[in-house]
Amino acid sequence: MQEFTDRQIEIMEAATNRISKFGIQNLTIKTLAEDIGLSEPALYRHFKSKNEILLSLLSYFKSEMKNRIQSLPFKPNDTEGDKLRAIFNSQLQTFTNKPAIVSVIFAESIFHYDEGLSYKVSEIMDLMHQYVNKNIEKGQKGGTYNKLIGASTLTTIILGGMRMTVLKWKLSGHKSNLMKDGTAVLEGILKMIEKK
C-alpha cells in the first residue's frame, strides 16, 4: 500500500474540496497551490501533476475503503443481510461525510482518456463487487438468501441500484437523503432475496 505524507494528504483533501465546490474541470495545480498557500513549484515537489493527485486520491480512498469495510464490527449472530447492510451503511455514510469523493469516483467520463485513472476507478468498483459477491455467495450457500438469481447477477443489481441512488444524490446537489434512499434500495432488494 502506498504511504502518503501529511502534506500529500493535505493536498489531496484540498483537491477533493475544490472538486466538490467547482467541479473536477476546475482543478489545476495553480488554483490548488493558492488554496493551500503553497507556491506551484512547492506543490510540484509533492505531486508531479494534477493526474498524479487524482490517482493518489483514488488510491487513498480505495485503501481507506478496504480498511473500513474489513474492520466493520460484525457480531457472531449477524446474518449475511446484516453484514451487507453494515457494508453499505458504511459506504453511504462516507459519501455523505465526504461528497467530493463521489465527484472523483463518478468522473469516469473525464477519465476515459486516461488509462491510469480509469483503471483505478475500476479497481474501486471491483473491490466493492468482491465484497458484495462474497456476501451473496455465503448467504446463498448458508441458506439465508434464496437462489432464484445467481450471485454475480444479484451483485450487479445491488451495485447498479446503489450507483443510481448515489448518482441521483450527486445530481441533486446532495439535497436528497443518501442514507435514507440508499437504505431503501438495499432493503427492497433484501426483501426479495432474504429467506424469512
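The values are calculated or read from the model by the stated rules, or taken from the named source; none is laboratory data. Please read these numbers as outputs of a predicted model, since none were measured by experiment. Quick reminder, even Gly has a Cβ in these numbers, built from the backbone with ideal geometry, and neighbours come from all protein chains shown. Accessible surface is based on the protein model in full, side chains and every heavy atom, while ligands, DNA and RNA are left aside. Shrake-Rupley method; radii C 1.70, N 1.55, O 1.52, S 1.80 Å.
So, with +1 on the Cβ of K and R and -1 on the Cβ of D and E, and no other charges, what is the size of the charge dipole of the range 48-196 about its Cα centre, to the nearest 20 debye? Numbers along the way, then the final one.
Numbers: 22 positive and 14 negative charges, 79 e Å.
Charge dipole, the range 48-196, about its Cα centre: 380 debye, nearest 20.
Using DSSP to define loop residues, name the chymotrypsin sites (Phe, Trp or Tyr not before Pro) in the range 75-170 whose beta-carbon has at most 11 other beta-carbon atoms within 10 Å.
When the chymotrypsin sites (Phe, Trp or Tyr not before Pro) of the range 75-170 are filtered for loop state and at most 11 Cβ neighbours within 10 Å, 113 remain.
With a 1.4 Å probe and all protein chains kept in place, how do 72, 178 rank by accessible area, largest first?
72, 178
Might you tell me the accessible area per residue for the chain, computed with a 1.4 Å probe and given in Å²?
55 Å²
Give the separation of the Cα centroids, the range 154-191 to the range 49-75, in Å.
After rounding, the separation between the Cα centres reads 20 Å.
Of the labelled options (i) 29, 20, 14; (ii) 35, 17, 15; (iii) 23, 19, 18, which one gives semi-axes √(5λ) of the Cα gyration tensor in Å as computed for this structure?
Computed from the coordinates, semi-axes √(5λ) of the Cα gyration tensor in Å corresponds to (ii).
Within the range 1-65, report the GluC sites (Glu not before Pro) that DSSP leaves as loop and that have at most 14 other Cβ atoms within 10 Å.
Filter output for the range 1-65: 3.
Return the distance in nm (one decimal) between the two label points of a simple spin-label model at residue 31 and residue 68, each offset 7 Å from Cα along Cα→Cβ.
Result: 2.5 nm between the two label points.
Can you send over the carbon and sulfur percentage of the accessible area for the chain, probe radius 1.4 Å, protein chains only?
56 percent
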